[in-house]
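Visitor: Sharing a structure here in C-alpha cells format.
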Amino acid sequence: MPTEPTRSPAAGAASAAVDPDEVIRFARGLLAAASENPGGTEDEAAAVAGEILASLDAETTVVRGDAERPSVVARLGSDARPSLAWNGHLDTVPAGSLDTWSRPPFAGEIVGGRLIGRGACDMKGPIAAALAAAAAIRRAGVELGGSLVFHLAADEELAGLHGTKVLWDRGLLDQDAAIVGEPSELQLGLAERGGAWITATARGKAAHGSQPQLGVNAITSMARFLLRLGEALPDREHPLVGRPTVNAALIEGGSAPNVVPDRCVVDIDRRLLPGETDPEALLAPFRALAGAIRREHPDVDIDLRIREWTDAAEAPADSTIAAVARAAVAAEAGTSPPDVGFTGITDARFYINDARIPTVILGPGSLSDAHAADEWVAVDELVMAARAYARIFVGFLGA
Ligand SMILES: [Zn+2]
C-alpha cells in the first residue's frame, strides 16, 4: 500500500466523481421512508437502500433476526481481501410532536444549505453519503481491489439487538476494518461510553395516610438517595469520552393519595468509561451511599441491582483504517480531523468489542442535532463526507 493511498489518482478520481445532486437524492429517498423506532419498522427504508444498491450491481441480501427487522447487507468490489465494512442504521428515533418542527420531518426540505428531517444526520444522510461514494467509484471506472461491505442495520436506536447484533450472531462481522458512519462532524471517533441501567428499589412500610408516623415512606427514602446520586460517581476521566455520568431516568412509587407508600422504584442510567467492566465495582459506591444515608436515617432501605449492561468501547488510534480515514478527511477538508470520543452508545461496540475489528466512527453532522426537532445536516458536509468515504474506500481497499 502506498504511503498516501487516499491521494492516489484513483482515489482522487472517485472523490471528484461524487455528484452532490445524487447525494441529496439518495438522502431524500431515505428520509421519506420513515423508520421510527419505536413505532415502525425499517422495511421501507431497507427497500429504498436496496434499490440504490441494486443500481450499483451490489450483491445484496436482507438479514432478519427473530424480530423480523430487516438489515441490508451488500457487497461491492471483489471478494478478495482486504474487506471493509461500512455500517449505518436504517432506523431513527420518532419524529415526536410535529408542531415542534418548522418543516415536515420526512420531506427532506433544504433551507439555508441545511437538509432537514428525522434522520438527516442520524443517520440517513450519512448512509446517502456512503452510497453516493460507492456510486462515484463506479462512475469513475475505479475497480476496488478488495470488498466493500455495507451493513445497513435495523434497530440501533433501541440497542441494536435486532440489527447489528443479528449480523454479529450470523458471523457476518468478519471484515478487516469497519467504519460506523454516526454523525461525528467528520472527526475521528475512536471510543464510546457504555451504560449500566441500575434498578434502585426503596422499601418502606405502608400506613394510613393520616398517620404517616406509623409507616416508613419509601418515596421520601428514595428522594434522600437520589439527591446524592452524584456522590456515587468515581473521580475518573477518559481522554476521549470524558467523565462517567449518572441520571435518574424513571420513577414509580405509591399506590393511593391516602396511603404511605411502601415501595419506590427508580431506573438509574450510569454511563461507563472504557475500562469499567466490573458490575460489582460499579455498584459498590451506590451501596456505600445507601449505607451512609441509612446511618443518618435508619428507616432508609434501598436495594440496588443492575438490569442491563453495555460495555464501553475503545478502538486503536494507530490502525490502518484510522490512518486512512485521517488522510482522507485531511485531503477533503484541508486539516487532519481530531480523535474524539462518543458520549452515547453506538453499534461500533459490536465491531470493536465482539468482532475485534479495527473501527472508526466517522460521519457528517453533529450528534447534538440528532434526536431533536428540526434535525439537520449541512449539504456541504454531506457531500464532503461522500468524497472522504470515496477516498477511504479506494485508499483502504486499493484499486
Ligand atoms: Zn445514530
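The values are calculated or read from the model by the stated rules, or taken from the named source; none is laboratory data. Predicted model only: the values in this text are computed from it and were never measured. All Cβ positions, glycine included, derive from the backbone under ideal geometry; neighbour counts span all protein chains shown. Ligands, DNA and RNA are excluded from the accessible area calculation, which covers all protein heavy atoms including side chains. Shrake-Rupley method; radii C 1.70, N 1.55, O 1.52, S 1.80 Å.
Visitor: Given the options GLY194, GLY160, GLY215, which has the most mean-square fluctuation in a GNM of the chain, springs set between C-alpha atoms less than 10 angstrom apart?
Guide: In this elastic network of the chain, the residue with the biggest mean-square fluctuation among GLY194, GLY160, GLY215 is GLY215.
Visitor: Okay, moving on. Between Rg and the Kirkwood Rh of region 175-234, both from Cα atoms, what is the Rg to Rh ratio?
Guide: Numbers: Rg = 22.2 Å, Rh = 16.4 Å.
Using Cα coordinates only, the ratio equals 1.35.
Visitor: Report the relative contact order of the chain, percent, no decimals, based on alpha-carbon pairs under 8 angstrom and at least 6 residues apart.
Guide: Working: 975 pairs, mean separation 106.6, N = 399.
27 percent.
Visitor: How many percent of the accessible area of region 230-318 is carbon or sulfur, using a 1.4 Å probe? Present the calculation step by step, with values, prior to reporting the outcome.
Guide: Values: 2360 of 5040 Å².
C and S atoms contribute 47 percent here.
Visitor: What is the sum of charges around GLU182, taking Lys and Arg as +1, Asp and Glu as -1, for the other residues whose C-beta is under 10 Å from the C-beta of GLU182?
Guide: Details: positive: none; negative: ASP122, GLU156, GLU192, ASP347.
Result for the local shell: -4.
Visitor: While we're looking at this one, here's another question. Against the globular-protein guess of 2.2 N^0.38 Å, express the Cα radius of gyration of region 226-365 as a ratio, rounded to two decimals.
Guide: Working: Rg = 20.6 Å, N = 140, 2.2 N^0.38 = 14.4 Å.
After normalising by residue count via 2.2 N^0.38 Å, the value is 1.43.
Visitor: For region 203-220 and region 67-82, what is the centre-to-centre distance using only Cα atoms, to the nearest Å?
Guide: One Cα centre to the other: 59 Å.
Visitor: Let me ask something else. Would you mind computing, in nm to one decimal, how far apart the modelled labels at ASP339 and SER255 are, each placed 7 Å from Cα along Cα→Cβ?
Guide: That separation, rounded to one decimal, is 5.6 nm.
Visitor: May I pose another question? What is the distance in Å between the Cα centres of region 90-164 and region 1-62?
Guide: Distance between centres, Cα-based: 8 Å.
Visitor: Which of LEU98, ALA49, SER8 sits closest to the plus end of the dipole of region 1-99, meaning its Cα is farthest towards the positive end, when Lys and Arg get +1 and Asp and Glu get -1 on the C-beta?
Guide: SER8
Visitor: What would the Debye formula give as log10 I(q)/I(0) at q = 0.10, 0.12, 0.13 Å⁻¹ for the alpha-carbon point model of the chain, no solvent?
Guide: -0.69, -0.90, -1.01
Visitor: Can you work out the accessible area per residue across the chain, with the rest of the protein chains kept in place, probe 1.4 Å, in square angstrom?
Guide: Details: 16470 Å² over 399 residues.
Averaged over the residues of the chain, the accessible area is 41 Å².
Visitor: Would you work out what percent of the accessible area of region 11-76, with all protein chains in place, is carbon or sulfur (probe 1.4 Å)? Please report the intermediate quantities before stating the final value.
Guide: Working: 1350 of 2780 Å².
About 48 percent, which is the carbon plus sulfur part of the accessible surface.
Visitor: About its Cα centre, how strong a charge dipole does region 1-121 have in debye, to the nearest 20, once Lys and Arg get +1 and Asp and Glu get -1 at the Cβ?
Guide: Working: 10 positive and 17 negative charges, 74 e Å.
Computed about the Cα centre, the dipole is about 360 debye.
Visitor: Roughly what would the spin-label model give for THR100 and TRP309, points 7 Å off Cα along C-beta, in nm?
Guide: 3.3
Visitor: Using the Cα centre of the chain as origin and beta-carbon charges of +1 (Lys, Arg) and -1 (Asp, Glu), tell me which of PRO316, PRO70, ALA206 is placed farthest towards the positive end of the dipole.
Guide: ALA206
Visitor: Do me a favour and compute the ellipsoid semi-axes for region 132-226 from its Cα gyration tensor, root of five times each eigenvalue, largest one first, whole Å.
Guide: Values: eigenvalues 592, 44, 25 Å².
Over the Cα atoms of region 132-226, the semi-axes work out to 54, 15, 11 Å.
Visitor: Nothing charged except the Cβ atoms of Lys and Arg (+1) and of Asp and Glu (-1): what's the magnitude of the dipole of region 320-399 about its Cα centre? Round to the nearest 20 debye.
Guide: Numbers: 5 positive and 9 negative charges, 92 e Å.
Using only the charged Cβ atoms, the result is roughly 440 debye.
Visitor: May I pose another question? Taking all protein chains as present, what is the carbon and sulfur share of the accessible area of region 341-399, in % to the nearest whole number, probe 1.4 Å? Let's see the in-between values first.
Guide: On the way: 840 of 1690 Å².
For region 341-399, the apolar C and S fraction of the accessible surface comes to 50 percent.
Visitor: Most fluctuating residue of ARG307, ARG270, ARG139 in a GNM of the chain with Cα springs under 10 Å: which is it?
Guide: In the Gaussian network model the winner is ARG307.
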